[in-house]
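So the structure is just underneath, and the comments pick up after that.
The values are calculated or read from the model by the stated rules, or taken from the named source; none is laboratory data. Everything numeric here is computed off the predicted structure, so don't read it as measured data. Ideal geometry is used to build each Cβ from the backbone, glycine not excepted, and the neighbour counts take in all protein chains shown. Protein only, heavy atoms only, side chains kept; ligands, DNA and RNA dropped before computing areas. Shrake-Rupley method; radii C 1.70, N 1.55, O 1.52, S 1.80 Å.
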Amino acid sequence: MSKIFAPTPENPLTTTQKIRNLRLFMLQDCDWTVAVDSPLSDSKKAEWVTYRQALRDLPSSYTDDDNYNDVTFPTEP
């Protein structure tokens, strides 16, 4: 299970923690697209698999030195 990061006044979230938090919700929101009983066609499922992999890879593209507002999330198919 993925960890959700919670900020405190003394420890605000870092850029990578913010990315990981949002990414978790984005992945959960589209879990149905890759389920065995998903109504999507195989080609559409493949698009979602690619999108979901891009979400998983996203944190490796940024560091805490980056501004969160400059993060570019992948676009849903």
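Out of the stretch 1-43, which residues are aliphatic (A, V, I, L, M) and either assigned to a helix (DSSP H, G or I) or surrounded by 12 or more Cβ atoms within 10 Å (Cβ to Cβ) (or both)?
The answer is L13, I19, L22, L24, M26, L27, V34, L40.
Against the list (1) part of a loop (DSSP other than H, G, I, E, B); (2) free of Cβ contacts under 8 Å to residues at least 24 places away in the same chain; (3) open to solvent by 80 Å² or more (accessible area, probe 1.4 Å), the condition N69 fails is (1). Here A54 meets the list (1) at pLDDT 95 or above; (2) assigned to a loop (DSSP other than H, G, I, E, B); (3) among the hydrophobic types (A, V, I, L, M, F, W, C) almost entirely, failing just condition (2). One residue stands out in the stretch 44-66 among those that are surrounded by 11 or more Cβ atoms within 10 Å (Cβ to Cβ), free of Cβ contacts under 8 Å to residues at least 24 places away in the same chain and of a type outside the set (A, V, I, L, M, F, W, C): the one that is farthest from S2 (Cα to Cα), namely K45.
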